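Novice: Before I ask anything, here is the structure I am working with.
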Amino acid sequence: QAHAKVWHLYNDHFRPTQRGKVSIALSSHWIKPQRMTEKNIKECQKSLDFVLGWFAKPIFIDGDYPDSMRSNLSSLLPEFSEAEKKYIKGTADFFALSFGATLSFQLLDSHMKFQQLESISLRQLLYWIRSEYNNPKIFIVENSWFVSGSTKRDDAKYIYYLKKFIMETLKAIRYDGVNVFGYTVWSLLDGFEWHRGYSIRRGLFYVDFQSHDKKLMPKSSVLFYQKLIEKNGFPPLPENQPIEGVFPCDFAWGIVDNYIQVDTTPTQFLDCNVYVWDVHQTKKLIKVDGVFTSKRKRHCVDFAAIRLQISLLQEMHVTHFHFSLKWSLILPFGNLSLINHTLVHYYQCFASELLRVNVTPVVALWQPMAENQELPVPLAKYGAWENPETIKAFVEYAKFCFTSLGDHVKFWITMNEPSVKNLTYTAGHNLLKAHAKAWHLYDKEFRRSQKGKISIALQADWVEPACPFSKNDQEVADRILEFDIGWLAEPIFGNGDYPQVMRAWLHRRNSVDLYNFQLPYFSEDEKKLIQGSFDFFALSHYTTTLVGWEKEDALKYDHFLEVQMINDITWLHSPNRAAVVPWGLRKLLKWVKSKYGDVPVYVLANGIDDDQNVVHDKLRVYYIQNYINEALKAYTLDNVNLQGYFVYSFNDKTAPKYGLYSYVANHYEPKPSMKHYREIIDKNGFPGPETPELLCPEDMASCPECHFFRTRKSLLAFVSFIFVAFIVTIFFITYYSKRVERRY
């Protein structure tokens with residue numbers, strides 16, 4: 001009633017001359033049902049009625065309290081007379097909303113939630129106000145998040161929540177038709193936050209409460225908000241717009257299956273027993289004892305599982321297929337004392353069948369997995385990569401694979417995605433030496449005859465500073481890149497030794513704390529051995545991470561590296577919470593070029609998980625489209641020597657939720673993302689009307705039959721000789737038979 005009287009006072013006596021506006025600022029939360037049942041939805045409505053509707057309904061609707069309050073509170077709620085209802089109704093020129101400053105974010109009384117779930121969705125609240133109160137003009141008079149009281153000026157967490165709220169406001173305006181005409185951040189500076197005291201901060205300006213003069217210092221959020229106001233929102237950035245263009249003619253379009261489906265079950269044609277079909281009684285085959293047929297040699301056609309996988313790859317139109325061998329199964333004892341010849345034969349057949357359909361096999365010798373790191377049990381038992389003997393065992397294993405599969409495989413990976421998170425410095429040291437020795441072995445003994453190429457494949461997710469205006473955050477991002485990628489990349493692609501950033505940081509930590517993490521040293525001969533042991537730079541890239549130096553969340557803080565992991569909640573995320581950040585791939589490729597020069601680069605794995613219950617995997621379609629386009633930018637605009645791109649993964653059977661083929665009840669079904677990827681492959685990128693036509697030389701192996709003859713030149717020469725000899729013989733027989741006839 002007091003508000004209504006003030007509004008009428010202004011309306012009657014001051015509005016004609018001052019031409020202003022008057023309203024009441026109402027705080028609210030947002031609530032969502034625990035389960036989508038009618039009862040829970042009604043409880044959510046009741047929660048909003050009790051918090052916001054208590055004041056909003058009398059002013060914006062009919063001058064009286066919500067029905068849910070009347071029915072629940074009965075005589076406790078005062079009654080308005082009809083005159084009072086008319087007097088209160090319509091006493092607001094706009095809807096002034098406060099969200100997040102007082103009521104929201106776990107500050108609401110638990111009884112007001114009615115056993116439902118509190119949410120921070122400002123967009124949904126705005127839409128509800130529009131629907132509930134006849135689409136009023138809305139001014140957001142208070143909105144913010146908070147950070148820890150220990151956070152100083154690089155308040156990245158505050159920035160990304162502010163970004164989320166303003167983005168949701170813009171979406172409400174653009175897509176939901178909500179009439180929002182103003183937005184205000186809470187608050188200007190840090191202060192006393194009621195019952196939370198000084199334990200949190202909400203200000204755009206930092207205040208040191210312990211100092212005498214309480215000087216105001218701008219935080220990173222000030223710069224963010226200033227830039228946002230200058231741009232009046234989030235205009236599309238030119239560098240994030242898709243481009244048109246195509247990749248080079250020999251670009252490698254691939255798919256990944258970490259471990260192919262191996263089924264060595266013998267075919268029925270290898271059974272040398274003789275059977276009789278009992279067609280009258282049992283209707284079964286009855287083996288005839290003592291009668292056998294002659295045994296025949298195994299052929300690749302005997303492996304039925306290969307044909308199905310090859311047909312799916314043909315359907316996809318890929319040119320390359322990447323998979324890993326199982327060291328632990330090929331050499332169970334870690335040496336040549338026991339060899340799984342059946343499995344080796346299966347791999348030989350698989351690679352040869354890939355070549356038959358013009359798909360290049362890309363084969364990794366080793367990829368770490370959870371159980372024993374996919375090492376033979378004796379090696380895993382005695383220290384794994386901590387033990388120098390594993391180096392010798394790996395080189396012996398590599399030589400066996402080069403000898404057995406080298407005729408079919410021309411694209412080798414020594415180690416695929418060694419996880420630096422699970423490596424000790426000693427293990428990484430030995431792993432690098434094992435890679436280098438395997439590379440030199442291939443270079444000296446097999447390259448000339450097999451004409452292949454070989455390198456290591458590293459996992460390389462991009463790391464971005466959480467506060468783009470913070471030098472400290474940039475230093476943290478650079479440090480993490482060196483620890484995550486440079487640790488194994490710098491010795492091979494750089495100067496033969498570990499990054500100086502790593503050595504300096506470890507020295508500092510060891511001198512300050514009780515840590516004793518010593519990074520091993522290479523001898524000069526070892527540096528020469530490792531440096532340059534590559535033919536290309538292969539990397540796996542999946543997502544981008546934000547990092548900062550301000551400690552905000554203890555669960556996501558790395559004390560050793562002094563880095564805070566931060567999440568931009570406005571980014572698109574997969575069901576497994578992997579962020580979809582296409583521009584991170586382009587930044588990574590530019591970083592590789594700037595550090596290691598014009599080295600040939602292959603993106604050997606790039607993919608996202610999905611929800612298997614969703615028929616149309618729109619997320620993966622979006623992911624593939626935009627990540628490949630960013631790769632095209634790196635190739636065309638940044639001159640990165642990019643030579644191939646591989647999607648992870650082939651099917652859901654071997655990589656659940658990541659496959660381009662779903663797998664249910666022994667049946668593979670292509671997802672929409674597979675068809676979209678195939679379309680990009682067929683166009684070799686994203687050609688536009690103004691894209692110059694790329695004239696590629698015709699592939700000599702355009703037909704499967706061509707490969708058969710090309711790989712059997714000696715047989716072809718022998719057949720040709722027999723054919724010519726046959727023609728010559730026929731000629732002489734005909735010639736001399738005619739001469740004999742004339743004489744006769």
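Novice: As an exercise, find the ratio Rg/Rh for the stretch 124-282 from alpha-carbon atoms, using the Kirkwood inverse-distance average for Rh.
Specialist: Numbers: Rg = 31.0 Å, Rh = 21.9 Å.
So for the stretch 124-282, dividing Rg by the Kirkwood Rh gives 1.42.
Novice: Taking the Cα centre of the stretch 1-235 as origin, sum charge times position over the Cβ atoms of Lys and Arg (+1) and Asp and Glu (-1), and report the length of that vector in debye to the nearest 20.
Specialist: Working: 33 positive and 24 negative charges, 147 e Å.
For the stretch 1-235, the charge dipole is close to 700 debye.
Novice: Kirkwood hydrodynamic radius of the stretch 503-562 from all distinct Cα pairs, in Å? Write out the running numbers ahead of the final one.
Specialist: Working: mean 1/r = 0.0642 Å⁻¹.
One decimal place: 15.6 Å for the Kirkwood radius.
Novice: Name the lysines eligible as straight-distance cross-link partners of K433: C-alpha to C-alpha under 20 Å, and not fewer than 8 places from it in the same chain.
Specialist: Partners found: K392, K399, K421, K444, K453, K527, K528.
Novice: Which value does Rg/Rh take for the stretch 1-235 over its C-alpha atoms, Rh per Kirkwood?
Specialist: 1.00
Novice: In whole percent, what relative contact order does the chain give with Cα contacts below 8 Å and a gap of six or more residues? Working shown, then result.
Specialist: Details: 1229 pairs, mean separation 80.1, N = 744.
For the chain, the relative contact order is 11 percent.
Novice: May I ask you to list the aspartates and glutamates whose Cα is less than 19 Å away from that of K593, ignoring any residue fewer than eight positions away on the same chain?
Specialist: K593 reaches E239, D461, E464, D478, E482, D484, E490, D497, D535, E630, D638.
Novice: Considering only protein heavy atoms, with the full assembly of protein chains and a 1.4 angstrom probe, order D558, D12, D568 by accessible area, largest first. Working shown, then result.
Specialist: On the way: D558 55, D12 95, D568 0 Å².
Highest to lowest solvent-accessible surface, that is D12, D558, D568.
Novice: Roughly how many debye, to the nearest 20, is the charge dipole of the chain about its Cα centre, given +1 on each Lys and Arg Cβ, -1 on each Asp and Glu Cβ, and no other charges?
Specialist: Values: 86 positive and 81 negative charges, 278 e Å.
For the chain, the charge dipole is close to 1340 debye.
Novice: Quick one: how many Å² of I173 are accessible to a 1.4 Å probe, rounded to 10?
Specialist: Accessible area, nearest 10 Å²: 70 Å².
Novice: Non-local amide H neighbours of V362 (under 5 Å, H modeled in plane, Pro and chain starts lacking H): which ones?
Specialist: Residues meeting the criterion, in which the H sits 1.01 Å from N, are F321, H322, F323.
Novice: Something else: At most 16 other Cβ atoms within 10 Å and a DSSP loop assignment: could you name the trypsin sites (Lys or Arg not before Pro) in the stretch 568-626 that fit?
Specialist: On the way: sites: R577, R586, K587, K590, K593, K595, K618, R620; in loops: R577.
Answer by residue number: R577.
Novice: Let me ask another. Taking loop as defined by DSSP and a crowding limit of 16 other beta carbons within 10 Å, which GluC sites (Glu not before Pro) in the stretch 72-102 fit?
Specialist: Values: sites: E79, E82, E84; in loops: E79.
Filter output for the stretch 72-102: E79.
Novice: Provide the per residue accessible area, probe 1.4 Å, for the chain, rounded to a whole number of square angstrom. All intermediate terms of the calculation are to be shown ahead of the outcome.
Specialist: Values: 38490 Å² over 744 residues.
So the chain comes to 52 Å² accessible per residue, rounded to a whole number.
Novice: Roll a 1.4 Å probe over the protein heavy atoms and report the accessible area of L223 in Å², nearest 10.
Specialist: About 70 Å², rounded to the nearest 10.
Novice: Please list the non-local residues whose amide H lies under 5 Å from the amide H of Y275, H modeled 1.01 Å from N, same-chain partners needing a gap of 5 or more.
Specialist: Placed amide hydrogens put V288 under 5 Å from Y275.
Novice: How many angstrom lie between the C-alpha centres of the stretch 571-612 and the stretch 454-478?
Specialist: Here the answer is 12 Å between Cα centres.
Novice: If the reach is capped at under 29 angstrom between alpha carbons, list the lysines near K46, excluding any in the same chain fewer than eight residues apart.
Specialist: K5, K32, K57, K85, K86, K89, K113, K137, K164, K171
Novice: Now for a different question. At 1.4 Å probe size, with the rest of the protein present, what percent of the exposed accessible area of the stretch 1-235 is carbon and sulfur atoms?
Specialist: Working: 6920 of 12520 Å².
The value for the stretch 1-235 is 55 percent carbon and sulfur by accessible area.
Novice: Further question on the same structure: For a quick check of your reading of the filter: which chymotrypsin sites (Phe, Trp or Tyr not before Pro) in the stretch 112-194 sit in a DSSP loop and have no more than 10 other Cβ atoms within 10 Å? Could you put the intermediate results ahead of the total?
Specialist: Working: sites: F114, Y127, W128, Y133, F139, W145, F146, Y158, Y160, Y161, F165, Y175, F181, Y183, W186, F192, W194; in loops: F114, Y133, W145, F146, Y175, W186, F192.
Taking the stretch 112-194 and a limit of 10 other Cβ atoms within 10 Å, the loop chymotrypsin sites (Phe, Trp or Tyr not before Pro) found are Y175, F192.
Novice: OK, next. Given H placed 1.01 Å from N in the peptide plane, which residues other than close sequence neighbours of F537 have an amide H under 5 Å from its amide H?
Specialist: Correct list: V601, Y602.
The values are calculated or read from the model by the stated rules, or taken from the named source; none is laboratory data. These numbers come from a predicted model, not from an experiment. Here the Cβ is made from the backbone with ideal geometry for all residues, glycine too, and neighbour counts use every protein chain on show. Ligands, DNA and RNA are excluded from the accessible area calculation, which covers all protein heavy atoms including side chains. Shrake-Rupley method; radii C 1.70, N 1.55, O 1.52, S 1.80 Å.
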